[in-house]
Amino acid sequence: STLYGQSSISGIVNLTSKMPEAETSREAVVEYGTHDRKQAGVDMTGALDANGEFLYRFVGAFRDSDTHVDFVDDNSYLFAPSFTWAPSEDTS
């Protein structure tokens, strides 16, 4: 994409943020695939108090995988906590 496409020379960066939400939500994912790929992840969000003044979100993932190239692994770890404090409707 850099040579013949529309990407810049510095690459592409995903700028999507997962913000905390007041409604409680939980998601867990476990995957297994080719090249002995093992992956697990969680995404949890909700309010820490009854008023919804304090919100949290935790996104985490773990991957342990080989590739089609010998001695080249595709391992990664992700830990992305976030917190929102909204003391009033006008301030967050």
Item to check | First in the range 67-88 and over 14 Å from Val42 (Cα atoms), second anywhere and in a loop (DSSP other than H, G, I, E, B) and open to solvent by 60 Å² or more (accessible area, probe 1.4 Å), Cβ under 8 Å, 6 or more apart | outcome: Thr67/His35; His68/His35; Asp74/His35; Thr84/Met19; Thr84/Ser92; Trp85/Ser92; Ala86/Ser92
Item to check | All positions within the range 63-92 that are open to solvent by 80 Å² or more (accessible area, probe 1.4 Å) and assigned to a loop (DSSP other than H, G, I, E, B) | outcome: His68, Asp70, Phe71, Glu89, Asp90, Ser92
Next on the checklist: It is to be established whether one or more residues within the range 43-62 are farther than 20 Å from Arg26 by Cα, in contact with a strand residue (DSSP E or B) (Cβ under 6 Å, 6 or more places away or on another chain) and modelled with pLDDT of 90 or more.
Outcome noted: no
Next on the checklist: Checking the condition more than 26 Å from Glu23 (Cα to Cα), under 20 Å from the mean Cα position of the chain (by Cα) and of a type outside the set (S, T, N, Q), which residue from Asp74, Asp36 passes?
Outcome noted: Asp74
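The values are calculated or read from the model by the stated rules, or taken from the named source; none is laboratory data. None of these values were measured; they are calculated from a predicted model. Every residue, glycine among them, receives a Cβ derived from its backbone with ideal geometry; neighbour counts consider all protein chains shown. Please note that ligands, DNA and RNA were not included when accessible areas were found on the heavy atoms of the full protein model with its side chains. Shrake-Rupley method; radii C 1.70, N 1.55, O 1.52, S 1.80 Å.
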